[in-house]
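Written out below as structure tokens is the structure these notes cover.
What follows is calculated from the coordinates using simple rules that are stated; it is not laboratory data. Because the structure is a prediction, the values reported are computed rather than measured. So basically every Cβ, Gly included, is an ideal-geometry build from the backbone, and we count neighbours across all protein chains shown.
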Amino acid sequence: MKITRQSDRKTEKAPAEYFTGDVGITPLFSTDQPGRTVGASVTFQPRARTNWHSHPFGQTLIVTDGAGRVQREGGEIETLTIGDVITFPAGERHWHGPREIAQ
């Protein structure tokens, strides 16, 4: 068993190579091999967003606060609200951020 206390988790500024604007990342959990699961809380300030990207094993997002926007390559921009769960399949290019996004 492993317990990670909230007081031990530190928010760090997201790397500029993957994000535009002010974004904070707080690691929540990761699994040991052979698992691949990783979870983080990502906070976007207005007009911040991810750069276009994809994940080799896909990505699942859960909106826990505020409202956001997301777009997959070739698709329309979708609006997100609290409680929405978004799943991108492996290799699908996309971006995501808050309701007020950088264009």
- Note on the structure: When the charge dipole of segment 6-98 is computed with +1 at the Cβ of Lys and Arg and -1 at the Cβ of Asp and Glu, the Cα pointing farthest to the positive end, of 68, 98, 15, is that of 15
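Say a site is exposed when it is one of the chymotrypsin sites (Phe, Trp or Tyr not before Pro), sits in a DSSP loop, and has at most 15 other Cβ atoms within 10 Å; what is then the longest site-free stretch of the chain? Before the final figure, lay out the partial values.
Values: sites that count: 18, 52, 57.
After excluding every exposed loop site, the longest remaining stretch is 58-103.
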- Item | Gyration tensor verdict on segment 26-103 (Cα atoms; rounded if a/c is under 1.5, prolate if a/b is larger than b/c, oblate otherwise) | oblate
- Message: Please give the charge dipole size of the chain, origin at the Cα centre, charges +1 on K and R Cβ atoms and -1 on D and E Cβ atoms. Round to the nearest 20 debye.
- Response: 240
- Task: Set Lys and Arg Cβ to +1 and Asp and Glu Cβ to -1, take the dipole of the chain about its Cα centre, and tell me which of 59, 44, 33 lies farthest positive.
- Result: 33
- Query: Of the residues 78, 17, 92, which exhibits the maximal mean-square fluctuation in a Gaussian network model of the chain defined by a 10 Å Cα contact cut-off?
  - Reply: 17
- Cβ-defined net charge surrounding residue 100, 14 Å radius [Lys, Arg +1; Asp, Glu -1]: +3
- Along Cα→Cβ, 7 Å out, is where each label goes; now give me the distance between the ones at residue 32 and residue 76 in nm to one decimal. 4.8
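Let me have the relative contact order for the chain, percent, based on Cα pairs under 8 Å that are six or more residues apart.
Once normalised by length, the contact order is 26 percent.
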